[in-house]
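K.L.:
Here's a structure for you.
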Amino acid sequence: MSWKVFEEQSPELAALGLEKLNRTICYLSLLDNEGVPRIHPITPFIGGGRLFMFTEPTSPKIGDLRRDGRYAIHSAVTRDGPLIEFLVTGEAERITDPTLRAQAVQIASSPVVSDDYALFEFHVGRVLVVTYDEEKKKIVHRWHSD
């Protein structure tokens, strides 16, 4: 399901996801060709109701995603402000449509993205958000597309 559907069904969690994921360093977990989990730092971006990532053409992420599109993206956790963990999982799709790519380039507005970079959209299957209240009690929020 698209980020837009997630946003429509859970606007508060989607707003938090925008804050924690959009144009920030996050961690992408994929499976390599032997089925071993592999972590990659990425900078995803959100716009037009979609969650995207550009990656260099030689990145092992491309092979991992082609072989098995399942992914997990976890936000970086910082000591600035409240402690919040944001995790999204689902299936990734390589985007080759020139019109959608042009929209993604405009949304990303990144000077480092070149024409040979691969573009992926992350479809949202599940979201897990962990926050803590004033007494440091853990609060868990879940959303899933099922």
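K.L.:
How far, in nm, would the chain grow between Ser2 and Glu34 when pulled straight, counting 0.36 nm per residue and subtracting the alpha carbon separation? The partial results should precede the final answer.
P.N.:
Working: separation 32, 0.36 × 32 = 11.52 nm, distance 2.89 nm.
Contour length minus the Cα-Cα distance gives 8.6 nm.
K.L.:
How much length would be gained if the chain were fully extended between Glu12 and Val105, taking 0.36 nm per residue of separation minus their Cα-Cα distance, in nm to one decimal?
P.N.:
Values: separation 93, 0.36 × 93 = 33.48 nm, distance 2.65 nm.
Here the segment from Glu12 to Val105 would lengthen by 30.8 nm.
K.L.:
A further question on this structure: So what J values fall out for region 107-112 if you push phi through Karplus, 6.51 cos²θ - 1.76 cosθ + 1.60 with θ = phi - 60°, rounded to Hz, Gly and Pro as x?
P.N.:
So the J values, rounded to whole Hz, are 5, 5, 6, 10, x, 8.
K.L.:
Here's a follow-up. Testing the spin-label approximation: label points 7 Å from Cα along Cα→Cβ at Asp80 and Ser114. State their distance in nm.
P.N.:
Inter-label distance under the simple model: 3.0 nm.
K.L.:
How far apart, in nm, are the 7 Å Cα→Cβ label points at Arg67 and Glu93?
P.N.:
In this crude label model, Arg67 to Glu93 measures out at 2.3 nm.
K.L.:
Just need the relative contact order of the chain here, percent rounded to a whole number, with Cα pairs under 8 Å and 6+ apart.
P.N.:
Once normalised by length, the contact order is 25 percent.
K.L.:
I need the shape label for region 62-112. Rule: rounded when a/c is under 1.5, else prolate if a/b > b/c, else oblate, with a, b, c from the alpha carbon gyration tensor. Don't skip to the answer; put the middle values down first.
P.N.:
On the way: a/c = 2.94, a/b = 1.41, b/c = 2.09.
Here region 62-112 falls in the oblate category.
K.L.:
Given the rule -39500 (n - 2.57) for each run of at least 4 DSSP H residues, summed and divided by the residues of the chain, what is its mean residue ellipticity at 222 nm, to the nearest 500 deg cm²/dmol? Before the final figure, lay out each step's value.
P.N.:
Details: 4 runs with 37 residues, N = 146.
So the helix-based figure for the chain works out to -7000 deg cm²/dmol.
K.L.:
Using a Förster distance of 30 angstrom, determine the FRET efficiency expected from the C-beta separation of Asn22 and Lys136, and round it to 0.05. Before the final figure, lay out the partial values.
P.N.:
Numbers: r = 27 Å, r/R0 = 0.90.
Calculated value: 0.65.
K.L.:
If you don't mind, another one. With the cut-off at 1.5 for a/c, could you classify region 26-119 from its C-alpha gyration tensor as rounded, prolate or oblate? Don't skip to the end; give the middle numbers.
P.N.:
Values: a/c = 1.83, a/b = 1.12, b/c = 1.63.
Cα axes put region 26-119 in the oblate bin.
K.L.:
What number comes out for accessible area per residue over region 42-82 if the probe is 1.4 Å? Units Å², please.
P.N.:
On the way: 2000 Å² over 41 residues.
Dividing the accessible area of region 42-82 by its residue count gives 49 Å².
K.L.:
While we're looking at this one, here's another question. Taking the Cα centre of each part, how many Å lie between region 18-53 and region 93-146?
P.N.:
Taking the Cα centre of each part, region 18-53 and region 93-146 sit 7 Å apart.
K.L.:
Next question. Ignoring ligands, DNA and RNA, what percent of the 1.4 Å accessible area of the chain is carbon and sulfur? Intermediate results must be reported in sequence, preceding the final value.
P.N.:
Details: 4290 of 8420 Å².
Here it works out to 51 percent.
The values are calculated or read from the model by the stated rules, or taken from the named source; none is laboratory data. All values reported here derive from a predicted model rather than from experimental measurement. Glycine gets a Cβ as well: all are built from the backbone with ideal geometry, and neighbour counts include every protein chain shown. Side chains are part of the model used for accessible areas, which takes the heavy atoms of the whole protein and leaves out ligands, DNA and RNA. Shrake-Rupley method; radii C 1.70, N 1.55, O 1.52, S 1.80 Å.
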